[in-house]
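First the structure, in the form of structure tokens, and then the observations on it.
The values are calculated or read from the model by the stated rules, or taken from the named source; none is laboratory data. Since we're looking at a predicted model, the values are computed, not measured. So basically every Cβ, Gly included, is an ideal-geometry build from the backbone, and we count neighbours across all protein chains shown.
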Amino acid sequence: MTTDEIARHAGEVFETAGSWDEALKVLRADGHSKVEAVRATVDVLGQSLADAKVTVHNSAAWADRRLADDDFHDGLEHAAESEQASRR
């Protein structure tokens with residue numbers, strides 16, 4: 001599926017179910033990635049990229065990944081800070 005097709009499908013689920021979280025659940029159940037869910041959120045809801053990332057990250061559809069994704073993000077921040085400190 002193209003990104004446009006994914007967004008169109010998510011939009012149809014959203015219109016039918018009346019819930020963006022339900023649309024995200026369907027996208028995930030269909031095997032789409034978190035990145036594709038973020039892109040669909042931008043395209044369908046018109047959110048900024050930053051807001052769409054928060055929407056998807058905090059959704060029930062992706063709740064099982066939240067802790068691991070937070071740990072990954074924290075590790076990246078720590079590595080970047082360590083790299084900056086070593087260059088001073």
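The residues listed here are Arg87, Arg28, Arg66; of these, the one that is basic (Lys, Arg), modelled with pLDDT under 95 and within 16 Å of the chain's Cα centre (by Cα) is Arg66.
Cβ separations smaller than 9 Å between residues 6+ apart or across chains give the following pairs from the range 61-88 residues that are surrounded by 10 or more Cβ atoms within 10 Å (Cβ to Cβ) to residues that are part of a helix (DSSP H, G or I) and acidic (Asp, Glu): Ala61/Asp21; Ala61/Glu22; Trp62/Asp69.
Just for helices (runs of 4 or more DSSP H) wholly inside the range 14-78: which have at least 3 residues that are among the aliphatic types (A, V, I, L, M) and under 17 Å from Asp4 (Cβ atoms)? So that I can check it myself, show each step before the final result.
On the way: elements: 20-29, 34-45, 49-57.
In the range 14-78, the matching helices (runs of 4 or more DSSP H) lie at 20-29, 34-45.
When Thr3 is tested against (1) modelled with pLDDT of 95 or more; (2) of a type outside the set (Asp, Glu); (3) within 26 Å of Ala68 (Cα to Cα); (4) surrounded by fewer than 19 Cβ atoms within 10 Å (Cβ to Cβ), just one condition goes unmet, and that condition is (1).
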